[in-house]
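For reference, the structure is listed below as structure tokens.
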There are 2 protein chains.
Amino acid sequence: MINNQESYYTDVDKMHVATDCIVFGFHQDELKLLIFNRRVQPHKGGWSLIGSFVKLNEDVDHAAKRVLRDITGLDNVFFEQSRTYGNAERDMGARCVSVAQFALIRIDEYDEELTEMRGAFWYRLEELPELVLDHYQMVIDALDILRRKAKHQPIGFELLPEKFTIPQLQSLYEAIFQRKLDPGNFRKKILSFKILNRLNEKDRSSSKRGAFYYTFDHDTYEKLLKSGYNFDFL
Amino acid sequence: MINNQESYYTDVDKMHVATDCIVFGFHQDELKLLIFNRRVQPHKGGWSLIGSFVKLNEDVDHAAKRVLRDITGLDNVFFEQSRTYGNAERDMGARCVSVAQFALIRIDEYDEELTEMRGAFWYRLEELPELVLDHYQMVIDALDILRRKAKHQPIGFELLPEKFTIPQLQSLYEAIFQRKLDPGNFRKKILSFKILNRLNEKDRSSSKRGAFYYTFDHDTYEKLLKSGYNFDFL
DNA sequence: CCAAAAGTGTTCGTTTTACACCCATGG
DNA sequence: CCATGGGTGTAAAACGAACACTTTTGG
């Protein structure tokens, strides 16, 4: 069957298809990006996003998950397509179209040893080294999409540990949007969505009084979402 | 040079890369989509989006513009990437990744004869025929992105003629969002952005009194955008 | 003169913003 | 006992939804 139909396309150009992952993490009140020090040609020694070519029988989405799993040991990660980079000249090596996808990971869960063994490291967004090809543009674009999304849906929870405090959540949003938020107003807004469950447990690492831990109530969120509820932060 | 570097990638799979265009137009208070009746295999006789394979030395974006120009005669059209469809099984014919892009066109400007000669026709969104492959999903996804975008930036102007009235603009937004809007409130909101210039000319085709024509002030818009101004419709 | 669409104004309730204030507690 | 961050309350301003009202003009 495949061979039969394939015949329609025989005179059509073929090219490499890659996927590059913009992997965001959040640690110590800072947004971090996972980047990769290339140990082989091309661009040996340069910094790049983690990525891979897509195999003939592999979904593009799957390729991204495969790469991230190989490097961090993590599975079941939040992934979303960013955009596709298809300029003819973008990779001088060969014609190669790259589908960029961004991931949000809980930085406390990944396998640090495995990651470093593979040549990947976390960098603060503000102090990224130069990146290979158009990878810096990919980061910019993904950040833009992340910000847009974060404004209208509670996407940020993907970046925090299972249980977190409201001040932690606030500092994540401050990192994403690059501006200070009012603690009182932020708390009221977030709680008004009623998608957080308070635990009977406090985090005392950043104050004597301690801040209650919360968990994200995925079920209630889905319900509200389906009922057309609007989650507009800020 | 190319041949030299190409050697790094010799063992990497290659595949077809296509682009499909979701072409929106606005006419008689209705959102319309340009679709294409296939005259050759595969899927001969079926309805599909207009699209093409990307050539080896051609930017992906360029391929979309080329297709649209060939079919409608239009150039300089608003284009934006939607998303990329990369499932291994999406086209039984052969492995083929498709980058979907949507276009907004002023329906009064295209070349009707050329378009029909090429087998393409405008359909109301509500009465689309069945589309081949995953093209229907592409339409759904593009609509979703269009709606999101339209909410936060004055994208709709791409779909109207150079000069338009506020009631016309309103009916466009009603078509995009599929709901009635209050004329008074809509007008105030739009005018508050101060990105419309009123002409000393009226359209009397839909009322005795006539409605003033406006043009979109692109320069002021860009300025406000850069200064961080928020355009939130609705 | 009147129907009908264009355009303006007013009201009222909600949301946002800024900020004052109370709480809990380890050092 | 007090500095510090957690958490609550509140008043003023801004905004949005609903709707009444005025304007214009061809038939």
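The values are calculated or read from the model by the stated rules, or taken from the named source; none is laboratory data. Please read these numbers as outputs of a predicted model, since none were measured by experiment. Virtual Cβ from ideal backbone geometry, glycine too; neighbours counted across all protein chains shown. Note: accessible area is taken over every heavy atom of the protein model, side chains too, but ligands, DNA and RNA are not part of it. Shrake-Rupley method; radii C 1.70, N 1.55, O 1.52, S 1.80 Å.
Per residue of A:223-229, how many C-beta atoms from partner chains lie within 10 Å of its own C-beta, taken as a mean?
0
Report, in listed order, any pair from A:K151/B:K223; B:K32/B:K194; A:K151/B:K149; A:K55/B:K14 with a Cα-Cα distance greater than 18 Å.
A:K151/B:K223; B:K32/B:K194
Once both axes come from the Cα atoms, what is the angle between helix B:166-177 and the longest principal axis of chain B, in degrees from 0 to 90, rounded to 10?
40 degrees
Along Cα-to-Cβ, 7 Å out, sits the label point; list in nm, shortest first, how far the one on B:S205 is from those in the other copies.
Label-point separations across copies, in nm and ascending: 6.4.
Taking 0.36 nm per intervening residue step and subtracting the Cα-Cα distance, what contour gain separates B:D13 from B:R209 on full extension?
Result: 64.0 nm gained on full extension.
On a full-extension model of 0.36 nm per residue, what is the gain between A:L224 and A:R198, subtracting their alpha-carbon distance, rounded to one decimal in nm?
Extra length available between A:L224 and A:R198 comes to 7.5 nm.
Check cross-link reach from A:K208 to the lysines: straight Cα distance under 21 Å, and skip same-chain residues fewer than eight apart.
Cα-Cα hits under 21 Å: A:K163.
So if a site counts as exposed when it's one of the trypsin sites (Lys or Arg not before Pro), its DSSP state isn't H, G, I, E or B, and it has at most 12 other Cβ atoms within 10 Å, what's the longest stretch of chain B without one?
Counting only loop sites that pass the neighbour cut-off, the longest clear stretch is B:45-178.
Kindly provide the GluC sites (Glu not before Pro) of region B:31-116 that DSSP labels as loop, not H, G, I, E or B, and whose Cβ sees at most 15 other Cβ atoms within 10 Å.
Answer in residue order: B:E89, B:E109.
In region A:88-103, which residues become less accessible by 30 Å² or more once every protein chain is in place, relative to the chain on its own, using a 1.4 Å probe?
A:A88, A:M92, A:G93, A:A94, A:R95
Considering only protein heavy atoms and a probe of 1.4 Å, how much of the accessible area of the protein assembly as shown is carbon and sulfur, as a whole percent?
Numbers: 11070 of 23900 Å².
The computed percentage sits at 46.
Between B:R66 and A:L181, with labels modelled 7 Å along Cα→Cβ, what's the label distance in nm to one decimal, could you check?
4.6 nm
Can you compute the equivalent ellipsoid semi-axes for region A:155-226, i.e. the square root of 5 times each eigenvalue of the Cα gyration tensor, sorted largest first and rounded to whole Å?
The answer is 19, 16, 11 Å, longest axis first.
Calculate the translational D of the protein assembly as shown in whole µm² s⁻¹ from Stokes-Einstein, where the hydrodynamic radius comes from the Kirkwood formula applied to all Cα pairs, the temperature is 4 °C and the viscosity 1.567 mPa s.
Answer, rounded: 52 µm²/s.
If you keep only loop residues by DSSP, which GluC sites (Glu not before Pro) in region B:128-191 have at most 14 other Cβ atoms within 10 Å of their Cβ?
Of the GluC sites (Glu not before Pro), the ones in loops of region B:128-191 whose Cβ has at most 14 other Cβ atoms within 10 Å are B:E130, B:E162.
With the other protein chains left in place, how much accessible area per residue, in square angstrom, belongs to region A:155-226 at a 1.4 angstrom probe?
On the way: 4310 Å² over 72 residues.
Each residue of region A:155-226 exposes 60 Å² on average to a 1.4 Å probe.
If every alpha-carbon in region A:8-122 counts as one equal scatterer, what log10 I(q)/I(0) does Debye give at q = 0.09, 0.15, 0.18 1/Å?
Debye output, listed in q order: -0.26, -0.68, -0.95.
May I ask for the accessible area buried between chains B and A, both sides summed, probe 1.4 Å, to the nearest 100 Å²? If you can, show how the numbers build up before the last one.
On the way: alone 13860 and 13870 Å², together 23900 Å².
Approximately 3800 Å², summed over both chains.
Rounded to two decimals, what is the ratio between the C-alpha radius of gyration of chain A and 2.2 N^0.38 Å?
That works out to 1.16 for chain A.
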